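Comments concern the structure below.
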Amino acid sequence: MIHPLRIGVAGAGSIGAYLGARLAADGHGVILLGRQRLADAVAEQGVRVTDLNGLDEQVQPDSIRVVTEPAGLDGCDIIFVTTKSHDTQAMAESIAPHVTDGATVVSFQNGVRNPDTLRKALPQAQVLAGMVPYNVVWAGPAHFHQGTSGSLVLEQREDAEHLAQTIADACNAAGLPAGLNPRIQAVQWGKLVINLNNATNALSGIPLQQQLADRDYRRVTAAAQREALAMIRGAGLAVRSSGKLLPTLMPTVLDCPDWLFRLVAGGLVKIDPQARSSMWEDLNRGRKTEIDYLNGEILRLAEQIGRPAPVNTAICRLIQQAEADRAPPNLTATALLQKIGVS
Ligand SMILES: NC(=O)c1ccc[n+]([C@@H]2O[C@H](COP(=O)([O-])OP(=O)(O)OC[C@H]3O[C@@H](n4cnc5c(N)ncnc54)[C@H](OP(=O)(O)O)[C@@H]3O)[C@@H](O)[C@H]2O)c1
């Protein structure tokens, strides 16, 4: 293990508790700022982390701390922010008095605007953008399961390269592959394009593997991605891949017939049979989703460049309706294609 770090996790749910527990298991001092239900579960049994490759590790209650008040993060050198995007501003304001001068804050969140929100609210800190490519679900009271493969990415910036490298080294040593990327904004847009499948999966109500095996569901995502790529290009922004999934090729790959898709996709990403998007999980629990920060970003770009984005507009509406109904609508692929206007 490298020199132990003091790491705080602001908003410990699937991603935060998983990353925190993996680092705690490697000897780092980790404090999870989360809800009382997490604190109770961890006090009773610690944190269990599992993954699709058979990892099954129990972090004992005395090896990881859970706090429910932001003051519990006092003294952390590094803070990972892992709330949903709609909670970033509130979380940043609540931890601001407890973030020390020069602390490193990493946004391990989806979407493209969280790092800027954190920079504005936490001027005393070095804020780095981060990206988590894989899926993690809350599989039991304090059990977090990584269901797909991939490597973490941290923003590489001249004025903070040493900090980013220290965090990446700690992650790698703990068995969490991680690297640096100087074009993190393009990586975030690339991830956003890939994440457009989250809404398709949430609307389908079935596991990812099963949803992606159905060409018509894939055509829904492909249509959303094509439209998104056109808006991103139109706004003069770049997309970049951070792994084997190339965002610009995704619509073509998804449109392939099943036999060809199986052949191509098999080597790209591993997905375990029960994995679902966290947007499905949010709908299933009757919670607000991040739709505004994913497909919603495409609507903002469309408005900015004065072009229509009918597919992503329809998908946003369907998710908003499901939020209001507090349940996934379990739409068939045919119904979904029809609702987004793709024949
Ligand atoms: N899960 C994935 O597979 C995955 C993969 C890649 C990226 N991401 C991204 O990572 C970010 C986090 O996702 P997630 O799935 O880990 O979300 P999550 O499970 O909802 O975790 C966030 C946790 O933060 C808690 N929280 C929010 N405000 C808080 C506060 N002020 N004090 C204490 N706790 C607070 C939430 O509690 P409440 O729910 O009670 O508010 C929740 O338990 C998102 O941007 C997501 O898109 C997720």
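The values are calculated or read from the model by the stated rules, or taken from the named source; none is laboratory data. Everything quoted here is computed from the prediction, not taken from an experiment. As a convention, Cβ positions derive from the backbone with ideal geometry for all residues, glycine included, and neighbour counts pool all protein chains shown.
Screening residue 322 against (1) within 21 Å of the chain's Cα centre (by Cα); (2) away from the ligand (no atom under 16 Å from the Cβ); (3) free of Cβ contacts under 8 Å to residues at least 40 places away in the same chain leaves a single unmet condition, (3).
Of all residues in segment 285-312, those being more than 9 Å from the ligand (Cβ to nearest atom), more than 19 Å from residue 217 (Cα to Cα) and part of a helix (DSSP H, G or I) number 11.
Only one of the numbered conditions (1) at pLDDT 95 or above; (2) within 16 Å of the ligand (Cβ to nearest atom) is not met by residue 146, and that is (1). Could you grab me the full set of residues in segment 213-242 that are within 18 Å of residue 187 (Cα to Cα) and among the polar types (S, T, N, Q)? Scanning segment 213-242 gives 225, 241, 242. Here residue 216 meets the list (1) surrounded by fewer than 22 Cβ atoms within 10 Å (Cβ to Cβ); (2) touching a Phe, Trp or Tyr at 6+ places or on another chain (Cβ under 8 Å); (3) not β-branched (Val, Ile, Thr) almost entirely, failing just condition (2). When 96, 92, 139, 121 are checked against the criterion of being touching an Asp or Glu at 6+ places or on another chain (Cβ under 9 Å) and not hydroxyl-bearing (Ser, Thr, Tyr), a single residue qualifies: 121. Residue-level check: of (1) aliphatic (A, V, I, L, M); (2) more than 10 Å from the ligand (Cβ to nearest atom); (3) within 18 Å of residue 241 (Cα to Cα), residue 163 misses just (3). Within segment 81-103, the residues that satisfy the criterion of being more than 9 Å from the ligand (Cβ to nearest atom) and either within 22 Å of residue 40 (Cβ to Cβ) or charged (D, E, K, R) (or both) are 93, 101. The set of residues from segment 117-141 being within 14 Å of the ligand (Cβ to nearest atom), at pLDDT 95 or above and under 19 Å from the mean Cα position of the chain (by Cα) comprises 117, 118, 129, 130, 131, 132. Starting from residues that are farther than 21 Å from residue 161 by Cβ and polar (S, T, N, Q), keep the ones in segment 86-106 and report whichever is surrounded by the most Cβ atoms within 10 Å (Cβ to Cβ). This residue is 88. For the structure I just gave you, tell me whether residue 33 is within 12 Å of the ligand (Cβ to nearest atom) and more than 20 Å from residue 166 (Cβ to Cβ). Yes, satisfied.
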